């Protein structure tokens, strides 16, 4: 199976604000969709969903990024607003092949929530967001929401 090219970050950059409480991307200074989503979770869920998002980021071709204490944070360096329908279809197909259904669904749920945050931040147009998170699968007789 061929996969679509990895998403590229938007060209426009927003300068960081001093003393801002919003989680921002350290490279661009823009609010970070993954950080905002993870901040909405409890500590145990943050770890689990960060790992899920790191899995997605790795499948999208994002290079590993580690903190000084060795924690993988590549999901915080992923251009979530550039993820499109072709990416989510390829991701779902790969996850279904590699993981148990519950694990694949957990990872897809994390992806859906981060794409929702990217949409809310204005990084992902509404039409692209809808395309990225909804699709029909012939494997099931229902609409599947990633």
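Bear in mind that the values in this text are calculations on the coordinates, not laboratory data. Remember, it's a predicted structure, so these values are computed and weren't measured experimentally. So basically every Cβ, Gly included, is an ideal-geometry build from the backbone, and we count neighbours across all protein chains shown.
Values as computed for the structure displayed
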read-out	value
Relative contact order, percent, the stretch 33-145 [alpha-carbon distance under 8 Å, six or more residues apart]	28
For the stretch 51-105, fraction of C-alpha pairs farther apart than 18 Å, in %	35
Stretch gain in nm, segment residue 40-residue 66, where the contour uses 0.36 nm per residue and the Cα spacing is subtracted	7.2 nm
Global size of the stretch 33-145 as Cα Rg and Dmax, reported in angstrom	13.7, 47
Rough spin-label spacing in nm, given labels placed 7 Å along Cα→Cβ, for residue 130 and residue 99	2.7
